[in-house]
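The values are calculated or read from the model by the stated rules, or taken from the named source; none is laboratory data. What you are looking at is a predicted structure, and each value in this text was computed from that prediction instead of being measured. All Cβ positions, glycine included, derive from the backbone under ideal geometry; neighbour counts span all protein chains shown.
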């Protein structure tokens, strides 16, 4: 443990023929992405408070929560009791209410006043305690949503630009197609798990896109190096070689990032859904480097990148 | 590549020791006030507290300005013996319009208005319209300047009001053109603060136009509701006789005669002089104390009040009298503020989050260390030393800038640690490959360092790009996440490209092994 490593992921000289299964990989990815897009259209993402507006109040009651009592207290303050739900521990209550319709003139003020009404209702419950109380007005939620989408869009463009600058265009295009496929799967994961889509989730998605890009850059770097080294090797074989050579590193780094994010998913309190999305993204990002980005590169680059491999005329 | 000078070695070690030193203030108490003591601030999500995002009502700034302009126009025209009809303000266009008494007076009107002090400063332009009316338009530059001033002044007033509530470490910052962020650590119920900040507290003294009672108010007179009886309205002259901003003090007190709560106030010399003049000239008439466009009180002036003291009573209780006194002391907001976003974290949830963050950080760090030791042996341990230095340096930089740490920030640190070893893994795997190609240990290490460097730079550059965007477009906790990752990328480059590599090279130079532990 202190000198030579005890364990290894893959033995030296591993040669797995990934490119043979490229159509299976692409087809699986396509099916998952299409399913995700369908899920995105219906039932769609659960928007979090940041993007939806309205109020969220978390209350901890003394002993297991009596929902009837909570609803009655809210009704006493003329607050719609429909948004009362349980979450986490049995003594925790979540009160979630939509913002008043934006058409009314004082909807911002009413959104903010709603929190105070809920607080007054909670104050009538013996021993109950407000853990968290947030209210986001309609104008702010619209801005946050716009900014979140801008951050995502511009990041994708910058990643495209960077890879374009560093590699040939075939690399950039296949990387960005893969990233978009990764992104759709992350969205599908959010729909299936009912995790709320908010700014923190945008951060999670951007982080996994950044991570996924890293992974592709490492494989591409090796492909480029091997293109110079083995000038006559067919591209499929060359990509396979490059994936195999970097496989140990790919798995090693995925593993460390996975291990770092795992405790956050298990004990991370309010960040646990963020961490689960990260974990999902690490698995997707790592596998897409091998099964998606590489086959697309092969399809795009078969003619252009391998000019030397053509039979002499 | 395979040689590190003593100087280089010493500077890398010095940076790491400096990092440890900078971390200390977070764990220890400040020994003396003279010792520089910079530490990380815990964010509201970890500490508990309230975050309020407030919007300054810019329309009202314009409307206010126009009302003053209309009032000034009236005074200027009357002073020059000129007449006017249909004076009106248009907030949307930023204009005051009126029609001259007769077309022959137009030239004289324009001349008078252009000589007004405000016109000289190019604050507005005066022009005649085709229909004969005269339009006074505020210049956009002047309006922008007013708007900026209004926000700056609002921040000052907000700060004074919050300081008066005794809040600890409040943070008040401008956001964008017309917003103010108020952060109040430790305040888990911001209702009173919201109420205090939501009140403009503009107090002015006007004459009541009793002659217009019951009739439709003429120009320069507005019907304002009574504070305690909103259905009841009084015709109040627009002209401000005495401004409530000319106060030196205000305090809540119990009225000796009625036993009710009231607010006593004292004018400064300007206010006292204006108050004395107004009361002397209007004995027997009613004057109104107007607070935020509501009439608090409209007593009859019995005699000139020259002492500069006054009292407002109007059905206050102890809390509302205390609050009004506080608001009057702090001064009026130049424009109404409204809360458009609020987030409050209770103290127990904050404590839970700190615990969750610490456990995650500890367990995640431990898992990565064990993994590196098992899979990469000696070089894995060097990576672990670098990882520890990385953590220390991240905390050091955050402390140095007295940055705020939130739960997402802790997640950022954790992910940085997970990704930081990537560089070591790249180098190690490369060395393994080179060894498999029968290179000597020295050549293999050299090749590993060389080849891995560009890949390391590439992957960190792409991560940096994504997080710069996140920082630019995110708010609050998300920005904090992006910030810690950006700091983490810098510390990662230092610890992996310099520290862990140096450890490997020094080990090699010391032992000259024939077989590398890979």
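When residue A:190 is evaluated against the numbered criteria (1) in contact with a helix residue (DSSP H, G or I) (Cβ under 8 Å, 6 or more places away or on another chain); (2) over 30 Å from residue B:350 (Cα atoms), which criterion, by number, is the only one it fails?
For residue A:190, the exception is condition (2).
Got a sec? Which of A:151, A:142, A:175, A:133 is under 19 Å from residue A:287 (Cβ atoms) and either assigned to a helix (DSSP H, G or I) or within 14 Å of chain B (Cβ to nearest Cβ) (or both)? Before you say what the answer is, go through the steps one by one.
Details: A:151 fails: under 19 Å from residue A:287 (Cβ atoms); A:142 fails: under 19 Å from residue A:287 (Cβ atoms); A:133 fails: under 19 Å from residue A:287 (Cβ atoms).
Just one listed residue meets the conditions, A:175.
Among (1) modelled with pLDDT under 95; (2) buried (at least 22 other Cβ atoms within 10 Å of the Cβ), which single condition is residue B:331 missing?
(2)
Of the numbered conditions (1) within 8 Å of chain A (Cβ to nearest Cβ); (2) out of contact with any helix residue (DSSP H, G or I) (no Cβ under 7 Å at 6 or more places or on another chain); (3) under 20 Å from residue B:476 (Cβ atoms), residue B:347 satisfies every one except a single condition; which is it?
(1)
Filter segment A:83-114 down to the residues that are exposed (fewer than 12 other Cβ atoms within 10 Å of the Cβ) and either over 27 Å from the mean Cα position of the chain (by Cα) or under 20 Å from residue B:54 (Cβ atoms) (or both), then identify the one that is modelled with the highest pLDDT.
Taking the candidates together, the pick is A:90.
Do we find that residue A:251 is closer than 30 Å to residue A:49 by Cα, touching a helix residue (DSSP H, G or I) at 6+ places or on another chain (Cβ under 9 Å), in a helix (DSSP H, G or I) and within 11 Å of chain B (Cβ to nearest Cβ) in this structure?
When the stated conditions are applied, residue A:251 does not pass them.
Of all residues in segment B:361-409, which are outside any helix (DSSP H, G or I) and either on the phi < 0 side of the Ramachandran plot or in contact with a helix residue (DSSP H, G or I) (Cβ under 9 Å, 6 or more places away or on another chain) (or both)?
Passing the criteria: B:401, B:403, B:404, B:405, B:406.
Got a number for residues in segment A:53-73 being more than 23 Å from residue B:188 (Cα to Cα), in a helix (DSSP H, G or I) and out of contact with any strand residue (DSSP E or B) (no Cβ under 8 Å at 6 or more places or on another chain)?
Final tally of qualifying residues: 3.
Would you kindly identify the helices (runs of 4 or more DSSP H) lying entirely within segment B:31-127 that contain at least 1 residues that are over 39 Å from the mean Cα position of the chain (by Cα) and not assigned by TED's automatic domain parsing to the domain that holds residue B:352? Let's see the steps before the verdict.
Working: elements: B:44-47, B:58-79, B:106-114, B:117-120.
In segment B:31-127, the matching helices (runs of 4 or more DSSP H) lie at B:58-79, B:106-114.
Among the residues of segment B:252-268 satisfying the criterion of being outside any strand (DSSP E or B) and in contact (Cβ under 8 Å) with a residue 12 or more places away in the chain, which is farthest from residue B:328 (Cα to Cα)?
B:258
Report whether or not residue A:83 is out of contact with any strand residue (DSSP E or B) (no Cβ under 7 Å at 6 or more places or on another chain) and outside the structural domain of residue A:145 (by TED's automatic domain parsing).
No: the conditions fail for residue A:83.
For residue B:218, indicate whether it is loosely packed, with under 13 Cβ neighbours inside 10 Å, assigned to a loop (DSSP other than H, G, I, E, B) and either on the phi > 0 side of the Ramachandran plot or outside the structural domain of residue B:295 (by TED's automatic domain parsing) (or both). Even if it seems obvious, please write down each step before you answer.
On the way: loosely packed, with under 13 Cβ neighbours inside 10 Å: yes; assigned to a loop (DSSP other than H, G, I, E, B): yes; either on the phi > 0 side of the Ramachandran plot or outside the structural domain of residue B:295 (by TED's automatic domain parsing) (or both): no.
When the stated conditions are applied, residue B:218 does not pass them.
Examine segment B:416-431 for a residue that is more than 33 Å from the chain's Cα centre (by Cα), closer than 26 Å to residue A:258 by Cα and surrounded by fewer than 22 Cβ atoms within 10 Å (Cβ to Cβ), and state whether such a residue exists.
no
Every residue, every condition in (1) farther than 29 Å from residue A:189 by Cβ; (2) assigned to a helix (DSSP H, G or I), yes or no:
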site: A:224; (1), (2): yes, yes
site: A:227; (1), (2): yes, yes
site: A:260; (1), (2): no, yes
site: A:271; (1), (2): no, yes
site: A:281; (1), (2): no, yes
site: A:287; (1), (2): no, yes
site: A:291; (1), (2): no, yes
site: A:297; (1), (2): no, yes
site: A:305; (1), (2): yes, no
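Condition check: surrounded by 21 or more Cβ atoms within 10 Å (Cβ to Cβ), at pLDDT 95 or above, part of a helix (DSSP H, G or I) and away from every other protein chain (no Cβ under 14 Å). Does residue A:190 satisfy that?
For residue A:190, the condition - surrounded by 21 or more Cβ atoms within 10 Å (Cβ to Cβ), at pLDDT 95 or above, part of a helix (DSSP H, G or I) and away from every other protein chain (no Cβ under 14 Å) - is met.
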